[in-house]
1. Give just the number: which of (1) open to solvent by less than 40 Å² (accessible area, probe 1.4 Å); (2) at pLDDT below 95; (3) among the charged types (D, E, K, R) does Asp243 not satisfy?
2. Just checking, does the stretch 618-630 include any residue being within 30 Å of Pro750 (Cα to Cα), aromatic (Phe, Trp, Tyr) and touching a residue at least 24 places away in the same chain (Cβ under 8 Å)?
3. Can you tell me how many residues within the stretch 583-597 are of a type in the set (Asp, Glu) and open to solvent by 40 Å² or more (accessible area, probe 1.4 Å)?
4. Tell me which residues, restricted to the stretch 459-472, are out of contact with any helix residue (DSSP H, G or I) (no Cβ under 6 Å at 6 or more places or on another chain) and surrounded by fewer than 18 Cβ atoms within 10 Å (Cβ to Cβ).
5. Counting only residues that are under 30 Å from Gly614 (Cβ atoms), give me the strands (runs of 3 or more DSSP E) lying completely in the stretch 140-205 with at least 1 of them.
6. Since Ser277 meets every condition but one in (1) surrounded by fewer than 21 Cβ atoms within 10 Å (Cβ to Cβ); (2) in a loop (DSSP other than H, G, I, E, B), which condition does it not meet?
7. Which of the residues that make up the stretch 544-559 are touching a Gly at 6+ places or on another chain (Cβ under 9 Å), open to solvent by 10 Å² or more (accessible area, probe 1.4 Å) and touching a residue at least 60 places away in the same chain (Cβ under 8 Å)?
8. Tally up the residues in the stretch 299-323 that are part of a strand (DSSP E or B), without any contact (Cβ under 8 Å) to a residue 40 or more places away in the chain and open to solvent by 20 Å² or more (accessible area, probe 1.4 Å), please.
Amino acid sequence: MKPTTYLLCTAALLGATPGHAQQAPATDQCLVTDDIIVTGEKSNRTLQQTPTSVAVTTPERIAQENIQTIQDVYNRTANLSETYGSAGFTIRGINNQGIAGGGNGDTVTVYVDGAPIPHQALFGGPTDLWDIAQVEVLRGPQSTIQGLNALAGAIVITTRDASVTDYSADGRVLWTDRNERTFSVAAGGPLIQDELGFRLSAERRADRGLIRNVTRGGYDDSLHTLNLRGKLHWTPLALPGLDVQASYNRVRRDGGYLYEYTNLTTPDFYDHRISTSDQPNRGYIRSDIAVLNIGYQIAPRLRLSGVTSFNRSATLAQTDADGTAADLQFISNDSVYRTWTQELRLNYDGERLSGVLGGWAYRRSGTLKANNRLNIPTPVTTITSLLQSGGFPATAASQIATAYAGALPVIPIRYRADQPQLVRNAALFGDGRWRVTDRLSLLAGFRYDHEDNVYGAETIATFNGTLPSPTAFGAIGTPLNLAVTAINRGVLGLVAQAGSARASNSRSFDAFLPKAGISMDWTPNLTTAFTVQRAYRSGGSSQNPARATLVPYNPEYSWNYEGSLRSRWFGGKLTVNANVFYVDWRDQQTTAFFGLNAYDYNTVNAGRSHLYGGELELQGKIDRHFDAYGSVGHVRTKFDDFNLPGGATSNINLAGSEFPYAPRWTLAGGINGRFGAISGNVNANYRSAVYTDIGTAQARSRLSGRTVVNARLAYDAGRWDVFAFARNLLAEDYLQYRRPDGIQGILGDPQTFGVGFDLHL
């Protein structure tokens, strides 16, 4: 469906952002969006009081649209988009792991109950949305509030709290025609009335998969997950004002690799998805999260709180790198990361002054262990140069190198690496609002951030094949025989050069991140604001795999200018909110190549870019039976400069290219209807064309836009309901990624029908 057709089809549905979902089924009452409290900025302001662009997904919307995973939220939120399947996402065109392949830090962090989740675990970690209280997508820099890894924004997932007053239990069963089975339960209530409550939840997912492996048998993307969570809530009557919450979340995931490839040479590959790999394509996640949240109301307007979190995430990602039935290449990356955080906050909510002052400490340690078999294309140009330096004429050197590459097209390598990392971060931050008059407010914030990181590497590289015999080129002692003998030594030398003893590099960084703005309440239902703030992504060290050296790189910074509109119309029946932004981004961390072979690269600071755009979000009540919502996001991105350091041989100039996976347009809309016990929802989301690569030749990586329509129809009997649903109702065929050779790709979700049963006690 073309964008214009989509706009015409959904114009009647526009009413609210995905975050502005209704708090209850449509009734004769007006929709009250002020009931939604934004917690991600740590000041608990209502959505209409928050100038930051925030999309909030509520439990009501999760149920109405049968949203199951955080990836569903990515696809239904303005200026938010998936990248490679479930492996990552972009906010306002900025990839959560950086846009040019360089750097170790993230640009966006996903939090679950206050605990930051490593990006390595996001493709199947504790981000499923059973028994969730709220999902907030904060678009734009959150460096002042969140600190490191928040240059582009943050995603905050809050699970349902334990009640100290009422008992409740919930259950759900889902069943689809694609052999997906999901069983979910949750229950809780007071252990001591009005003082101590608990909540337990569990979800088990089993999915046969879609990509049939014709070489090994079975399905590459089959999935089994188990998500267990327990929470305690203590409000002691003997200590009025004290509130203590503790939670533990355990996730076990056995499923497909984070990139789930399908063979694109098969006729009708959308309906007959196969792979030919001889090695497993699997991703395993073991995640344990513990959080302690303590709050104390010192005075009616003053609250002290502390959040302590610990997270252990272990992942094992394995894939057949060549994707064929031949045993050529295999990648196995095993990582374990432990993250500890401690935050202390003081919140004040006065008539004129309100805000938060806090301190933050963070420690992340872990390692990535690689055990890979790789094939590197034989570097003909490098061999030619070496032969010329040895006295061979240019023509003869080129002919010999070409003949050698014919005998050894690729250099097979067994590559093992151990890359430990330690990051320590401490910060002091503040964010506040001063009401100069009843209408005019000044906004200000700051963060002083200090980081120490230690990055290490130990690599072992060995030749994993058979070298060409010099006698096949010429008799012993002839120039050609001697040349091939020398080339063989050179190949072994290149392989050996990729190995190194354990080494480490320590870096320290300090950053001051100010924020300033102004807000004007023109009427009780119309507010505008403008803010300016600085954001950053910390520096570090990267390993050059070919040279086995550690190379330092510096932080990158951006200045962000943003305007916002918050408004309600017709007595609250219509909400119209909007944000516009401009970002100037400098010293960007990118990847540079240095000529030895395809693995001779490391991170450098070489880029400068800008981006601009906005989000428009609406929500409206049509009548007593229907309400509608919608959102539109637009972003334009561009690399302005790309200046590589001396010695770099990269022939790709990023200047002038757009960011990868940065759709210019994202649209989403839906309509809810209720007639007695019968309710229904139809929703659609559109993403315009994207480039999956960067550089001046990125046009070759263009993927067309796609529109996905979903629906749900339910019968609600009060304590239970039964429903039918459809994902990708119109069977839209679309690609998420296509390899340059066109042989493999990542496909979008197919048309799926299912039924479900909910129980609420």
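The values are calculated or read from the model by the stated rules, or taken from the named source; none is laboratory data. All of these numbers come straight from a predicted model, not from anything done at the bench. For neighbour counting, all protein chains shown are included, and Cβ atoms are generated from backbone atoms with ideal geometry for every residue, glycine included. Accessible surface is based on the protein model in full, side chains and every heavy atom, while ligands, DNA and RNA are left aside. Shrake-Rupley method; radii C 1.70, N 1.55, O 1.52, S 1.80 Å.
1. Result: Asp243 passes all but (2).
2. Of the residues in the stretch 618-630, the ones within 30 Å of Pro750 (Cα to Cα) are 618-619, 626-630.
From what's left, aromatic (Phe, Trp, Tyr): 626, 629.
Those still in the list that are touching a residue at least 24 places away in the same chain (Cβ under 8 Å) too: 626, 629.
Checked against the condition, which is being within 30 Å of Pro750 (Cα to Cα), aromatic (Phe, Trp, Tyr) and touching a residue at least 24 places away in the same chain (Cβ under 8 Å), the stretch 618-630 yields at least one hit.
3. We begin by selecting, within the stretch 583-597, every residue of a type in the set (Asp, Glu); these are 584, 587.
Filter once more, keeping what is open to solvent by 40 Å² or more (accessible area, probe 1.4 Å): 587.
Residues flagged as of a type in the set (Asp, Glu) and open to solvent by 40 Å² or more (accessible area, probe 1.4 Å) within the stretch 583-597 amount to 1.
4. Restricting attention to the stretch 459-472, the residues satisfying the condition of being out of contact with any helix residue (DSSP H, G or I) (no Cβ under 6 Å at 6 or more places or on another chain) are 459-460, 462, 464-466, 469, 471-472.
Result: Ile460, Thr462, Asn464, Gly465, Thr466, Ser469, Thr471, Ala472.
5. 153-159
6. (1)
7. Ala548, Leu550
8. Counting residues in the stretch 299-323 that are part of a strand (DSSP E or B), without any contact (Cβ under 8 Å) to a residue 40 or more places away in the chain and open to solvent by 20 Å² or more (accessible area, probe 1.4 Å) gives 4.
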